[in-house]
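Each reported figure results from applying straightforward, stated rules to the coordinates on display, with no laboratory input. All figures in this text were calculated on a predicted structure; none of them were measured in a lab. FYI the Cβ positions are ideal-geometry reconstructions off the backbone, even for glycines, and counts take in every protein chain you see.
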Amino acid sequence: MLAGAVCLSANVFAANGGGKIKPKSTNPPPKKYIDPANMDLSVKPGDDFFEYANGTWTKNNPIPGDKTSWGSFIILRDENNKNLISLLKEVSTTPGLPKGSLKQRVGDLFASGMDSVAIEKAGYNPIKADLVRINKIASLPQVIDEMVFERVNARGGALFGVGVGQDSKHPTKNIVEFRQGGTTMPDRDYYLKDDARTLKIQAAYHKYMVTLFTLTGSSAEEAEKNANTVYIIEKALATAQKSRIAMRDPNASYNKFSVADFSKTTPNLNWTVLLPALKMPGQDTVIVAQPAFFKVADAMLTSTPVDDWKVYLKWEILKGSAGSLSSDFVKANFAYSSVLSGQKVQTPRIERMSSQVDGSLGELLGQLYVEKYFTPAAKQYMVNLVNNLKATLGDRIKRVDWMSQETKDKALKKLAAFTVKIGYPDKWQNYDGVEIDRNDYAGNLKRIAVWRYNYSVSQLGKPVDKTRWGMTPPTVNAYYSPTGNEIVFPAGILQFPFFDFGADDAVNYGGIGVVIGHEMTHGFDDQGSQYDGDGTLRNWWTKADNDEFKNRTQKVVDEFNGFNPVDTMHIKGKLTLGENLADLGGINVAYEAYKKTKEGQTNPKIDGFTGDQRFFLSFAQVWRGTMRPEALAQQLTTDPHSPGKYRTDGTVVNIDAWYDAFNVKPGDKMYKAPTDRIKIW
Ligand SMILES: [Zn+2]
């Protein structure tokens, strides 16, 4: 993902109002696009819509042992993964591929990762030199040199985050950006909370560290001590980090410093020297997302003994490579992550490796994927659909009754400036110069990571490359980038249940249509609305309009704060606000666009449901699925997306047409009086 971009988690929709193009479906279409056999017709839709739409499917489809959730998205991802595996098996067994060719590199990376015998035999050889180097450190300057070395050689990201990104107030320019970091568990909350679930995760993390230190030669006593040392450092860093909610304010994260002034705030870290060492020379200014964090991290450099930093730096190496070393390391890594996510059984190696190739050389593998699994007609169909939805969102903005003409004009200008990317990049990333050796898995991963680092720093001083994508083509997801003002739909999401050429408009508009509307609405959510049509972080609202927008969005915050999916954990209304706004806007835009189609106007019954009913059932079907409680707890802590049930029910309750479609009345459990239904876009 590109920095700052917001994704759908995945959600799409399709269908155009004009003549339909109907090429062959990649997958055979299901007999029924809305199948009553998946629903629970004994539940009243107005009492529990998600259960009504998905209840029987849920009962009949337990979560497989090697998954943390199961439902529409994950099943589609699984099918895509199978397609990738079949491509990878083919290219990895094709003899005589020219060295350096696309197929050689993709096939040999996969083959090297599948060679479990060689990986087992290597043990932790791939990181021995790193551990020896760290053992020789004797002073604080050497600690800092090692932090630089690890970054430049893609061996870890100790203490803080740094990278090259778009300058959000000058979005055509690349700039160095510093961010808080230095911790391992997925959020600061895991270090700071002390409820039973968190304590269990802390214990698993401790055990993970002890195991890895033991596997690399520490005595039991020393490993125990090392784990405590790392934890103390990470907890101090976590305490200095901002919360995810606080980080949603893009202006608070935009702190431009001259390199000299930033160095004054971090006396142990002289950035005039360190930036060139990080291969980022010639910079006058940098962005520091959380300046207070850097003061604390810097002070820790002198308050913490050098020997403790050595342990922490070793842990950076260990955790960064555990998943790719021999089975003892992989098992320890899984034991920890299974406590976090609830996954019972390790993902098979072949699936881990296809994900690895997608994550490492995704735009090479993606070229093979789209050649076989994506039709140009699907792209054309999406272009038409996006145009329909864009026009409809424009109509809706013009009709909004709470906004002045002055702000509306600017909103429409922003909408007109959207860039749309569909399927796959026009210009592929070719990872020039990355050598892939069939017999060296660890070396391959290292070379790819170093290439990525070098590529990103090479962008400094160059204009932002707008052709780049933040997701690979097979990804079942979509995103909006506020600094690019672009909506992006990878090929992977343009499949059922989001989209199918054979489906009626209601199904496609309720699926991929809502997804498109969702991504467009991100341009006008709590964060996106702070960027203009050029992608510049700059206020374009009148004060009164902005105040009213905040009043209305607060109602969405309050609504979602009220949901309690697991334990005593509620959805964080402020963390999920942007996504919840995007869902609400998305369904409104998609429904109105659907009603402009011929089918939407006649509202025909198919398989026993009217067009309007099918639209909302399709939306609920996209979010069909269940999660393990552990995964749910993690999502509530870290993820800006609400769980699927609440995305469904929490959205439809604000849509008048949903009440009409299912005859929802006062007294039904989900019923909201018309004046309480939240209207924004
Ligand atoms: Zn989203």
#### Entry: For Ala246, net neighbour charge (Lys/Arg +1, Asp/Glu -1) across residues whose Cβ lies under 15 Å away
+3
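Given Cα pairs under 8 Å that are at least 6 residues apart, what percent is the relative contact order of the chain? If you can, show how the numbers build up before the last one.
Values: 1120 pairs, mean separation 171.6, N = 681.
25 percent.
Cα convex hull of the stretch 536-631: how many Å³ per residue? Provide the component values of the computation, followed by the final result.
Values: hull volume 16.2 nm³, N = 96.
Per residue, the Cα convex hull of the stretch 536-631 comes to 169 Å³.
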### Pairwise label distance in nanometres, Asp409 with Arg677, each label 7 Å out on the Cα-Cβ vector
3.3 nm
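Among Glu351, Glu519, which comes first, second and so on when ranked by fewest other beta-carbon atoms within 10 Å?
Glu351, Glu519
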### the stretch 179-233 versus the stretch 512-545: alpha-carbon centroid distance in Å
40 Å
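Taking a ≥ b ≥ c as the square roots of the Cα gyration tensor eigenvalues, with a/c under 1.5 meaning rounded and otherwise prolate when a/b beats b/c, else oblate, which class fits the stretch 351-494?
Details: a/c = 3.20, a/b = 1.90, b/c = 1.68.
Note, shape of the stretch 351-494 comes out prolate.
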### Convex hull of the chain built on C-alpha atoms - directionally averaged projected area, nm²
29.2 nm²
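Going by how many other beta carbons lie within 10 Å of each one, how would you line up Leu41, Leu389, fewest first? Walk me through the numbers before you get to the answer.
Values: Leu41 12, Leu389 28.
Going from least to most buried by this count: Leu41, Leu389.
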## Note on the structure
Most exposed to least, judged by fewest other Cβ atoms within 10 Å, Ser360, Ser303 sort to Ser303, Ser360
#### Entry: the stretch 125-325: relative contact order in percent, alpha carbon pairs under 8 Å with at least 6 residues between
31 percent
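Could you please report the charge total around Pro497, scoring K, R as +1 and D, E as -1 over all other residues with beta-carbon less than 15 angstrom from its beta-carbon?
That works out to -1.
Please compute the net charge surrounding Ala289, taking Lys and Arg as +1 and Asp and Glu as -1 over other residues with Cβ under 14 Å from its Cβ.
Numbers: positive: Lys169, Arg179, Lys242, Arg244, Arg248, Lys256, Lys295; negative: Asp167, Glu177, Asp249.
Local net charge: +4.
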### Query
Which whole-percent values make up P(r) of the stretch 80-178 when all C-alpha to C-alpha distances are grouped in 5 Å steps starting at zero?
2, 10, 12, 11, 10, 13, 15, 14, 9, 3, 1
### Query
Could you work out the helix-only [θ] at 222 nm for the chain, with each DSSP H run of four or more residues adding -39,500 (n - 2.57) and the total divided by the number of residues, to the nearest 500 deg cm²/dmol?
-16500 deg cm²/dmol
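Using a ≥ b ≥ c from the Cα gyration tensor of the stretch 132-208 (square roots of the eigenvalues), is it rounded, prolate or oblate, where a/c under 1.5 gives rounded and otherwise the larger of a/b and b/c decides, a/b for prolate?
Note, shape of the stretch 132-208 comes out oblate.
Return the percentage of antiparallel bridges among DSSP beta bridges fully within the stretch 125-325, rounded to the nearest 5 %.
Numbers: 11 of 13 bridges.
Expressed as a percentage, antiparallel bridges in the stretch 125-325 total about 85.
Once the mean 1/r over all distinct Cα pairs of the stretch 220-363 is inverted, what Kirkwood radius in angstroms do you read off? Don't jump to the answer; show the numbers that get you there.
Numbers: mean 1/r = 0.0537 Å⁻¹.
Radius from the Kirkwood sum: 18.6 Å.
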### Message
What does DSSP give for the chain in terms of the percent of beta bridges that are antiparallel, rounded to the nearest 5?
### Response
75 percent
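Kirkwood hydrodynamic radius, computed over distinct alpha-carbon pairs, for the stretch 125-325: how many Å, to one decimal? Can you show the working numbers first?
Details: mean 1/r = 0.0560 Å⁻¹.
One over the average 1/r among Cα pairs gives 17.9 Å for the stretch 125-325.
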